[in-house]
1. Out of the range 1-51, which residues are more than 20 Å from Ile150 (Cβ to Cβ), touching a residue at least 12 places away in the same chain (Cβ under 8 Å) and assigned to a loop (DSSP other than H, G, I, E, B)?
2. Leu72 passes all but one of (1) assigned to a helix (DSSP H, G or I); (2) of a type outside the set (Lys, Arg); (3) touching a residue at least 40 places away in the same chain (Cβ under 8 Å); which number fails?
3. For the range 43-55, give me each residue that is open to solvent by 10 Å² or more (accessible area, probe 1.4 Å) and either under 18 Å from the mean Cα position of the chain (by Cα) or not aliphatic (A, V, I, L, M) (or both).
4. Taking the range 108-118 on its own, how many of its residues are more than 12 Å from Met384 (Cα to Cα) and under 12 Å from the mean Cα position of the chain (by Cα)?
5. May I ask you to verify whether Ala65 is surrounded by fewer than 22 Cβ atoms within 10 Å (Cβ to Cβ) and closer than 30 Å to Lys204 by Cβ?
6. May I ask you to say which residue of Leu302, Leu329, Leu341 is at pLDDT 85 or above and either farther than 26 Å from Met27 by Cα or among the polar types (S, T, N, Q) (or both)?
7. Tally up the residues in the range 417-431 that are among the aliphatic types (A, V, I, L, M), open to solvent by 10 Å² or more (accessible area, probe 1.4 Å) and touching a residue at least 40 places away in the same chain (Cβ under 8 Å), please.
8. Checking the structure you have, find out if any residue of the range 169-184 is buried (at least 18 other Cβ atoms within 10 Å of the Cβ), in contact with a helix residue (DSSP H, G or I) (Cβ under 7 Å, 6 or more places away or on another chain), under 28 Å from Asn133 (Cα atoms) and not aromatic (Phe, Trp, Tyr).
Amino acid sequence: MEKSINKSRLFIGSCLALLVTSLTFAMRAKIEEVFGPVSEGGIFGLSKESIGWAFGPAFWGFTVAMVVGGFLIDVVKTKAVVWAAFFLHLIGAIAFIMAHDKETLFIANVFIGLGNGCVEAAFNPLITTLFPNNKTTMLNRFHVWFPGGIVVGSLLAYFMMDTMHIGWQIYVGVLFIPLAIYGFLFFKQLIPETERVSSGVSYKEMLLATGAPATIIASITLMILLAIDIIHLPEGWMYLALIGGIVVISAIEALVVRKTSMIFPIMFTLMLLTSSTELVTTQWVNALLAGVGVSQMLMLALITGIMAVGRFFAGGLVHRLNPVGVLLLSAVFSAIGIYALSLVNTPILIIVASVLFAIGVTYFWPTMIGFVAEYIPKSGALGMSLMGGAGMVSVAMFLPVMGRIMQENNEKVALQSIGVLPIILIVGFVILYSTYKKKH
């Protein structure tokens with residue numbers, strides 16, 4: 001049976017599925033101006049906070065699909081989650097093209113978010129199953145296609161919409177090309193069981209490996225309610241207080257109730273900050289870099305192009321520094337890059353600051369998930385799904401907060417506000433690095 005598994009075809013198909021995911025991120029960054037205020041050249045006249053709300057399902061829907069997929073993937077099998085991703089992407093792409101107001105944009109992002117979440121829920125464990133001896137390196141190579149797709153989407157936005165003035169619906173229609181190809185590549189293919197199942201780790205062991213499963217699931221649920229705005233926190237700093245509360249409660253559950261390690265809850269909490277540092281900033285790039293004398297889409301292409309190259313060659317760096325060392329350096333560069341972007345105002349210096357930011361966020365997502373796959377292998381597909389879900393739901397929470405800060409203040413203040421996150425991460429990774437240096 002093992003010989004019947006076409007690893008190369010499955011890996012290429014996985015990369016193209018992630019390409020569809022990443023194209024939707026680039027498209028939202030560009031479409032933000034189409035749906036924005038008429039006074040700023042928009043067509044549909046939505047406020048920045050409303051756009052942040054309508055984009056939110058792309059992230060909390062992602063989280064719902066990832067977490068549910070993480071719990072069920074070993075029950076319904078990876079193949080079912082793969083095809084769920086395909087059909088949700090298909091519906092989402094059609095709905096995206098038909099969007100014309102806040103509500104329809106919201107609905108489109110629900111399907112897109114669920115499809116994107118199924119991609120992460122299915123393909124992260126599939127990659128680690130296909131390449132059990134090279135997990136972090138292959139996860140980084142797989143995740144090349146996230147920034148890589150944003151490069152493609154950004155350049156297409158620049159040439160199709162900014163230069164050739166082609167309608168935004170045709171631009172969004174590009175999604176159907178990689179979608180059709182990855183559907184073809186997975187058609188009638190044998191897809192292996194997850195590594196957790198094949199290695200004989202029980203479902204209970206998988207749950208306990210997360211350290212504080214009850215707190216983590218409750219936290220994700222609460223954050224989804226915040227993202228949908230069923231629960232509302234009036235001040236941005238309250239979101240950081242919430243994250244601090246998650247640390248305390250998960251520590252109590254892990255150490256006192258479960259009498260197990262805190263390492264997964266710590267990584268879970270840090271994921272809330274690493275993902276927001278990267279994705280909140282890049283999703284608002286069109287607004288954050290407005291009026292600074294450079295093309296926002298070309299800057300996004302530059303940032304994500306650096307990320308793609310860095311992830312492709314990640315293997316040597318990860319093995320030389322170890323994953324925590326890579327994450328610590330990433331937090332340092334991210335902080336420097338974000339604060340530099342908030343201070344400079346000439347095209348050359350903006351490019352330099354953007355490069356520093358890109359170097360910083362390059363390794364966050366795949367290395368955080370790779371760390372869990374390598375150092376907490378018993379957490380299985382659930383561990384990777386909870387990490388990805390945590391990352392996306394935190395972005396859904398912080399997107400409208402950033403929109404509100406920009407409306408009430410300006411883009412510089414918004415950048416300085418998000419710059420607090422990598423500062424906290426530096427402290428967290430220093431502690432984690434010191435701990436692991438002693439143990440290993």
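1. If the condition is that a residue be more than 20 Å from Ile150 (Cβ to Cβ), touching a residue at least 12 places away in the same chain (Cβ under 8 Å) and assigned to a loop (DSSP other than H, G, I, E, B), then Met1, Ile5, Asn6, Phe44, Leu46, Ser47 are the ones that fit.
2. Unmet for Leu72, out of (1) assigned to a helix (DSSP H, G or I); (2) of a type outside the set (Lys, Arg); (3) touching a residue at least 40 places away in the same chain (Cβ under 8 Å): (3).
3. Here is the first cut: in the range 43-55, the residues open to solvent by 10 Å² or more (accessible area, probe 1.4 Å) are 43-50, 53.
Matches in the range 43-55: Phe44, Gly45, Ser47, Lys48, Glu49, Ser50, Trp53.
4. Total satisfying the criteria: 2.
5. Details: surrounded by fewer than 22 Cβ atoms within 10 Å (Cβ to Cβ): no; closer than 30 Å to Lys204 by Cβ: yes.
It is false that Ala65 is surrounded by fewer than 22 Cβ atoms within 10 Å (Cβ to Cβ) and closer than 30 Å to Lys204 by Cβ.
6. Numbers: Leu302 fails: either farther than 26 Å from Met27 by Cα or among the polar types (S, T, N, Q) (or both); Leu341 fails: either farther than 26 Å from Met27 by Cα or among the polar types (S, T, N, Q) (or both).
It is Leu329.
7. Our first condition is that a residue be among the aliphatic types (A, V, I, L, M); within the range 417-431, this holds for 418, 420-421, 423-427, 430-431.
Okay, now just the ones that are also open to solvent by 10 Å² or more (accessible area, probe 1.4 Å), so 420, 423-424, 426-427, 430-431.
Keeping just the survivors that are touching a residue at least 40 places away in the same chain (Cβ under 8 Å) gives 420, 423-424, 426, 430.
So the answer is 5.
8. Checking the range 169-184: at least one residue is buried (at least 18 other Cβ atoms within 10 Å of the Cβ), in contact with a helix residue (DSSP H, G or I) (Cβ under 7 Å, 6 or more places away or on another chain), under 28 Å from Asn133 (Cα atoms) and not aromatic (Phe, Trp, Tyr).
The values are calculated or read from the model by the stated rules, or taken from the named source; none is laboratory data. Quick caveat: nothing in here was measured; it's all calculated off a predicted structure. No Cβ is skipped: glycine too gets one built from the backbone with ideal geometry, and neighbour counts run over all protein chains shown. When the accessible area is computed, the model is the full protein with side chains, heavy atoms only, and any ligands, DNA or RNA have been set aside. Shrake-Rupley method; radii C 1.70, N 1.55, O 1.52, S 1.80 Å.
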